[in-house]
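Structure first, then comments.
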Amino acid sequence: MAIASLAEIRSTRRLIVKIGSALLVERGQPRRTWLATLAEELAQLRAGGTEIIVVSSGAIALGAAKLGLEKGGRASLADAQAAASVGQVELARLWADALGAQGLLAAQMLVTLGDLEDRRRYLNAAATLGRLVETGAIPVVNENDSVATEEIRFGDNDRLAARVAQAAGAEAVLLLSDVNGLYDRNPKEPDAALIPRVEGVTPEIIAMASADSGSGLGSGGMLAKLQAARIAERAGIALAIVNGTHDKPISRALDAGIGTLFVAQGDESARKAWLSGRLAPAGVLTVDAGCTLALERGASLLAAGLTEVEGDFRRGDLVAIHGAKGERLGQGLVEYDAAECRAILGLREDEQAARLGYVPRAAVVHRDHMVRA
């Protein structure tokens, strides 16, 4: 179904609900009373026919309090990993108790960036999520921060929620935040206005966001939420940001229509939706103005338009595609490894065979394996 208002989120077949650390944990202690009211709302949605998947932060904050680590467990990567190892046990228990009190079964699922970046592992994760929901369980998903590194991680659960929505075939994502939604400027300013509906995450919309996380507990901010909205909208998934600080936050937001709804913009194929949502390119291909124009018209990326190659990637890896001024044009799966790309950089097709020693492929990045930014 096409979701046109916050109220319609109640009618979705499958919904992702994301909860941040600042909502779930206060001074190192879980907000059990608040969580009980949220669990009651999730049970009501489930009874109404909506399948629920939870994406929950909080493991590092909970574990840091148990271990007595400074800066909420984020003073170093080692601290964050140790805190996550302890806190994930506490987080799973919290959700099992809260959902169990409503007669619901919680299922823990920890994922890494690689689980959703690699196509085969992505499909495996999708199958697991689907089967859990079919059984009536509520999956509680979190990034596996005990093994994630600074280089290979989502870094925030907003984008993770959007990727889980793709994998699970959800119709909507609900991000519970500490603000009412997206404002046209810093919400602390007296004349800031809440934007109720966004038709496409444009550069102008991105410019309204701050990357800061106000609580100091989480790793996201409004910028991460807009990045999540962009991932979701391209896959035909609606995403809403609402204030989660109140008791029964979902009912408050949906009944009063307080929040920001990002309307789904496209309905890409499953493979292209997965490709557009990938977050970790292995390299960068820079192209000239002529190639930029051709890409905008739907063409493949050819070696003749290639001006610069960055990174050490292999054939089949994800690469970002940039224009001459450094602007991001899109990303796709490259048909050559980095050394081969450098060898044929700027060459026409009839010149490439002599340099490569074999008949060149049709494109450096074929249009069927490319998505625009």
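Points to keep in mind about this one:
- Net charge dipole size for the chain [Lys, Arg +1 and Asp, Glu -1 on Cβ; Debye, nearest 20]: 600
- 5 angstrom amide H check on Arg31, placed H, neighbours 5+ away: Val25, Glu26
- Per-residue ellipticity at 222 nm from helix content only, as computed over the chain with -39500 (n - 2.57) for each DSSP H run of at least four residues, stands at -11000 deg cm²/dmol.
- Measuring nothing but protein heavy atoms, the accessible surface of the range 279-372 at 1.4 Å probe radius is 48 percent carbon and sulfur.
- Lysine-lysine proximity count for the range 6-272, Cα under 26 Å, sequence distance 8 or more or distinct chains: 12
- Applying 1/(1 + (r/R0)^6) with r as the Cβ-Cβ distance of Arg297 and Ala4 and R0 = 22 angstrom yields a FRET efficiency of 0.10.
- Sequence-distant residues sharing a close amide H with Gly283 (under 5 Å, placed H): Ala320
- Loop exposure criterion: trypsin sites (Lys or Arg not before Pro), DSSP state outside H, G, I, E and B, at most 13 other Cβ atoms within 10 Å. Applied to the chain, the longest stretch between such sites is 28-184.
- Added length on full extension, which subtracts the Cα-Cα distance from 0.36 nm per residue, Ala207 to Arg27: 61.6 nm
- Amide H contacts of Glu51: Arg14, Leu15, each under 5 Å away and 5 or more positions distant or on a separate chain (H built 1.01 Å from N in the peptide plane; Pro and chain starts excluded).
- Charge tally in the Cβ shell below 14 Å around Lys66, where Lys, Arg are +1 and Asp, Glu are -1, Lys66 excluded: -1
- Summarising the label geometry, the points placed 7 Å from Cα in the beta-carbon direction at Ser76 and Ala362 lie 5.2 nm from one another.
- Gyration tensor over alpha-carbon atoms, the range 279-372, equivalent ellipsoid semi-axes in Å: 18, 15, 12
- All Cα pairs of the range 217-373, percent lying beyond 28 Å: 34
- Virtual paramagnetic centre 7 Å along Cα→Cβ of Arg119, amide N under 18 Å, in the range 314-336: 314-320, 331-336
- Among beta bridges that DSSP assigns inside the chain, antiparallel share in %, nearest 5: 40
- Portion, in percent, of the accessible area of the range 10-133 that falls on carbon or sulfur, probe 1.4 Å: 49
- Of the labelled figures [x] 31, 27, 18; [y] 35, 26, 20; [z] 39, 22, 20, only one reflects semi-axes √(5λ) of the Cα gyration tensor in Å as derived from the coordinates, namely [z].
- Percent of Cα pairs exceeding the 28 Å cut-off, where the set is the range 12-157: 19
- Among residues other than Asp97 with Cβ under 14 Å from its Cβ, the summed charge is +1 (Lys and Arg +1, Asp and Glu -1).
- Scanning the chain for long hydrophobic helices, with DSSP H runs required to stretch 20 angstrom or more by C-alpha along their axis and to average at least 0.0 on the Kyte-Doolittle scale, returns 32-47, 77-100.
- Applying 1/(1 + (r/R0)^6) with R0 = 25 Å to the Cβ-Cβ distance of Ala101 and His246 gives a FRET efficiency near 0.80.
- Each of Arg13 and Arg342 was given a label point 7 Å from its Cα along the Cα-to-Cβ line. The distance between the two points is 4.9 nm.
- Summed over the residues of the chain and divided among them, the accessible surface reaches 43 Å² per residue at a probe radius of 1.4 Å.
- Taking GluC sites (Glu not before Pro) across the range 325-373, the ones in a DSSP loop with at most 12 further Cβ atoms lying within 10 angstrom of their Cβ are Glu327.
- Charge dipole of the chain about the Cα centre (unit charges at C-beta), most positive-ward option of Ser76, Ala39, Leu194: Ala39
- Here the contact order of the chain, divided by its residue count and restricted to Cα pairs under 8 Å and six or more residues apart, works out to 15 percent.
The values are calculated or read from the model by the stated rules, or taken from the named source; none is laboratory data. What you are looking at is a predicted structure, and each value in this text was computed from that prediction instead of being measured. We place every Cβ from the backbone using ideal geometry, glycine too, and count neighbours over all the protein chains shown. These area figures cover heavy atoms from the full protein model, side chains too; ligands, DNA and RNA do not enter into them. Shrake-Rupley method; radii C 1.70, N 1.55, O 1.52, S 1.80 Å.
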